[in-house]
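Read the structure below first, then the notes.
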């Protein structure tokens, strides 16, 4: 059972990464001429740099976690295991993947991974962005949480922790200051109406 759910988690993970980053990058390049990836930026050791590095770490650990359990190298944590945890994990992961792809689609040509300070993109406030300013990150976190329940081992928990930390650093230290600089009052007003990751939570004061 543990290896079967890990196999499901691995397939979902590969499908998620392939669709959310691979396919999305190809479509974005066809539409804009750019794949949308800006990579790890910032001075080494800075909060911005750590945000990018931890995101890469989360992606790698997210792959290793189900593989380690599938190969019998890592035992699942009893607290998160069982049929119920696996079913909930599968449902949450699939819902998170669908929500991630939908939010990426709603972002259109403004979708990016990372920030180029010399680039100006349209401020997207419609669709899922009416509910939260960062619905892609919210959906990605839900996906990661679901996948963690499918392969509930120490590596998966580390991957989830790395992702959450990376997202917090990226949004608070990098993206919000950039968007305030680029869009000014429009973004500030938007931030006063709409929460950071969840409706009404994390609005600007």
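The values are calculated or read from the model by the stated rules, or taken from the named source; none is laboratory data. Note that this is a predicted model, so its numbers are computed, not measured. Here the Cβ positions follow ideal geometry from the backbone for every residue, glycine too, while neighbour counts run over all protein chains shown.
Table for the structure above
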item	result
Out of 203, 192, 120, sole residue that is at pLDDT 95 or above, more than 24 Å from residue 82 (Cα to Cα), outside any helix (DSSP H, G or I) and over 15 Å from the mean Cα position of the chain (by Cα)	203
Criterion (modelled with pLDDT of 85 or more and either under 20 Å from residue 164 (Cα atoms) or surrounded by fewer than 18 Cβ atoms within 10 Å (Cβ to Cβ) (or both)) met by exactly one of 78, 58	58
Conditions (1) closer than 19 Å to residue 56 by Cβ; (2) not in a helix (DSSP H, G or I): number failed by residue 175	(2)
Residue tally, condition under 30 Å from residue 4 (Cα atoms) and in contact with a strand residue (DSSP E or B) (Cβ under 6 Å, 6 or more places away or on another chain), over region 100-159	1
Members of region 89-122 found to be loosely packed, with under 15 Cβ neighbours inside 10 Å and touching a helix residue (DSSP H, G or I) at 6+ places or on another chain (Cβ under 6 Å), listed by number	109, 120, 122
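Results for (1) in contact with a helix residue (DSSP H, G or I) (Cβ under 8 Å, 6 or more places away or on another chain); (2) crowded, with 18+ Cβ neighbours inside 10 Å; (3) touching a residue at least 24 places away in the same chain (Cβ under 8 Å), shown as yes or no for each residue.
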| position | (1), (2), (3) |
| --- | --- |
| 143 | yes, yes, yes |
| 147 | yes, yes, yes |
| 159 | yes, yes, yes |
| 162 | yes, yes, yes |
| 165 | yes, no, yes |
| 171 | yes, yes, yes |
| 185 | no, no, no |
| 194 | yes, yes, yes |
| 204 | yes, no, no |
